[in-house]
1. What are the pairs, 6+ residues apart or on separate chains, where a residue within the stretch 29-40 that is surrounded by fewer than 19 Cβ atoms within 10 Å (Cβ to Cβ) has its Cβ under 7 Å from a residue that is in a strand (DSSP E or B) and modelled with pLDDT under 95?
2. Scan the stretch 133-143 and tell me whether some residue there is part of a loop (DSSP other than H, G, I, E, B) and modelled with pLDDT of 95 or more.
3. What's the total number of residues in the stretch 1-51 that are outside any strand (DSSP E or B) and under 16 Å from residue 126 (Cβ atoms)?
4. Out of the residues in the stretch 67-120 that are part of a strand (DSSP E or B), modelled with pLDDT of 95 or more and under 16 Å from residue 27 (Cα atoms), which is farthest from the chain's Cα centre (by Cα)?
5. Looking at the stretch 63-79, is at least one residue on the phi > 0 side of the Ramachandran plot and touching a residue at least 60 places away in the same chain (Cβ under 8 Å)?
């Protein structure tokens, strides 16, 4: 089995998060393999920039880690991806989807709409938890119900 260390970003602008649609019609977050000599933070920022065209994203916190396994037909063996995630923020909603990387769509979406679109449950949970942490870090005004949930 091949184990790949990866890094990615959960990019927020205000109350919206950036997601991508890949060539398999899956809605995902920007991420990529950590290459030799690169730090996870560098990889996460570079993948966000490369896949989304968002050039001013800044890391404001860690978001957590996810992992998944799939069978690689090209390598004829299982691959296990471990992804380190970072909460990022950008100054505007300018983006340019990198179609050469195999993406067919994407953009900034309200959190509920993004979570509805996102394909994988781990990514859905990651976005929800990252958003709560983001709000806490930025001290945005939020509803009483969400405040209570954050205190739990």
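1. 33/4
2. no
3. Selection size over the stretch 1-51: 7.
4. Only one residue fits best here, namely 104.
5. Yes, the stretch 63-79 contains a residue that is on the phi > 0 side of the Ramachandran plot and touching a residue at least 60 places away in the same chain (Cβ under 8 Å).
The values are calculated or read from the model by the stated rules, or taken from the named source; none is laboratory data. Since the model is a prediction, treat every value here as computed from it, not as a measurement. Cβ: placed from backbone, ideal geometry, glycine included. Neighbour counts: every protein chain shown.
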